[in-house]
Amino acid sequence: MEFTTLNSNNIYTIPVGEYFDKDCESCFIVYSPLANIFYLSLPGDVMKLEEAIKNGQSTDLLNKLLDQSAFKDLGNNEISTDSFCTLHLLLNEKCNFHCKYCYSAEGRSSAELNMDQIKTTLDYFLSSDREAVRDRTIMFMGGGEPVLSWKLLEKATLYAEDFAKEQGIIVHFSLTTNGSIMTDKMLDFMKEHNFTVQISFEILPEIQNAQRGSYDAVAANLVRLTEKEINNYVRSTITELNVERILEMVEHCHTHFPLVKKMSCQQVVDPSYFTDKEKVDDFFNKYFASYRTAEETANEYGITLRSSSSHLLNCSKRERFCYNLLCLTPYGTLTMCPDVSSPNERNYDSSVIGKLENDSVKFDQTAFARLSNGSIHTIEKCHTCYARWNCGSGCPSSRRVQSRERYLHVSSYPQSNGRHHPSARCGSNLPCLAASPRHHQGLPSRGAGSRDSHPSRGPYR
């Protein structure tokens, strides 16, 4: 079936019958991204919409699908260095783990920030003279394990609090850690300064020990963290070892860590896991099937289960995958992504947007403009992709890490005779995400009514 008139009016028809074990074109997602609507529909009802728009007829549903005026202001809006509202302090490149899929492993060294570098950056980031929002976030991360630079983390936190108060800025703190090192003193400090702590943890003992190690130590520290009532969540990397075991992860978390109420899944980005397009398809089909099943159980347990693609479910609009992120590396250089921290890593040189010089922050405006202008308006493959307004072009770091063959396949927009094929997917995998039995025929699902007020803060470690 072809619905070219609907498609030409930014109303997309995606056959998804195979996701319900039926004929491919037995069911369609009707998707109007700029009207903020997607729903499941039968072919006959989609054909009625196609004929109505061809004949200039008006129906309540068609009018809603065509009501895209709220988002016509979305254009290639420029961003500036003045807008940064999240600062990643990559404290070091040291780590006590050897995770098999780690993207930053090639950058391991003894490099570490010093307090003078941190003060200079905080003076800029927390300044009230900048036009950024008053609420700003400092995230302690690393090309390695930030807790290995704990004294530095303490000093940076105290300095940031004092300076933010002087400037009339509200500052929030977060820490991303492998969870293997947590003393009582550390926990008390996190509690006192209202940290949000992300524990990178695979939850299932055999998977944790295979991919990261030290299950017992991390599990014990997670229990202590939750008992202290420190705001936290568990972030798990999903690989071929656990892609079909997300439900088990939820159940294990509920049983063994009952105080943990937030879980996040991040698909692995290591290109060695996906050597051909068939493996890509197989992995993502398994992932979304497993995630959907686990999500239902998580809801029953009172656990919030998120995915790196969760923003797609509410049809939130985005022109860029992420922005407003400033990262200080252990080398005193500035990037826009925490995935890039070391000169030993690929694409480091092309990712640097500035440096610390003479006790001040110096930006390379040319480099910044080049990196910040990557959006659905400037990336050619996005121009004809039905999911572009929700995907926002996909993670730039992932695009650089992945092989060209894999990226072209995942980001492609296959078309046959002007219609969408069910295997078509950009980086968002929207068909898989949206094809859920909870969306009934003829009942539009509306997401957020505006663009994300707080854009994605980039990939997790």
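The values are calculated or read from the model by the stated rules, or taken from the named source; none is laboratory data. All values derive from a computational prediction rather than experimental measurement. Reconstructed Cβ throughout: ideal geometry from the backbone, glycine too, with neighbour counts over all protein chains shown.
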For this session: Could you identify the single residue in Thr157, Thr176 that is in contact with a Lys or Arg (Cβ under 8 Å, 6 or more places away or on another chain) and surrounded by 15 or more Cβ atoms within 10 Å (Cβ to Cβ)?
Result: Thr176
Exercise. Does region 346-358 hold any residues that are over 21 Å from Asp116 (Cα atoms) and surrounded by fewer than 21 Cβ atoms within 10 Å (Cβ to Cβ), and which are they?
Worked result: Arg346, Asn347, Tyr348, Asp349, Ser350
Problem set entry | Filter pass, Tyr273 being among the hydroxyl-bearing types (Ser, Thr, Tyr) and modelled with pLDDT under 90 | yes
For this session: Report the residue count in region 181-203 for those that are surrounded by fewer than 20 Cβ atoms within 10 Å (Cβ to Cβ) and part of a loop (DSSP other than H, G, I, E, B).
Result: 4
Exercise. Would you say Gln198 is among the polar types (S, T, N, Q), over 15 Å from Val147 (Cβ atoms) and under 24 Å from the mean Cα position of the chain (by Cα)?
Worked result: no
Exercise. Of (1) among the hydrophobic types (A, V, I, L, M, F, W, C); (2) in a helix (DSSP H, G or I); (3) more than 20 Å from Leu153 (Cα to Cα), Cys265 satisfies all except one. Which?
Worked result: (2)
Problem set entry | strands (runs of 3 or more DSSP E) enclosed by region 330-374 - at least 3 residues per element that are under 18 Å from Tyr124 (Cβ atoms) and modelled with pLDDT of 90 or more | 352-357, 360-363
For this session: State whether one or more residues within region 210-220 are in contact with a Leu (Cβ under 8 Å, 6 or more places away or on another chain) and either at pLDDT below 95 or over 23 Å from Asp339 (Cα atoms) (or both).
Result: yes
For this session: Kindly list, by first and then second residue, each pair from a residue in region 359-382 that is under 29 Å from Gln117 (Cα atoms) to a residue that is exposed (fewer than 14 other Cβ atoms within 10 Å of the Cβ) and charged (D, E, K, R), limited to pairs with Cβ atoms under 9 Å and residues at least 6 apart or on different chains.
Result: Asp359/Asp116; Ala369/Glu78; Ser372/Glu78; Asn373/Glu78
Exercise. From the residues in region 9-27 that are outside any helix (DSSP H, G or I) and touching a strand residue (DSSP E or B) at 6+ places or on another chain (Cβ under 8 Å), which one is surrounded by the fewest Cβ atoms within 10 Å (Cβ to Cβ)?
Worked result: Asn10
For this session: Mind listing just one residue for me: the one in region 28-54 that is at pLDDT below 90 and in a loop (DSSP other than H, G, I, E, B) and, of those, nearest to Asn390 (Cα to Cα)?
Result: Pro33
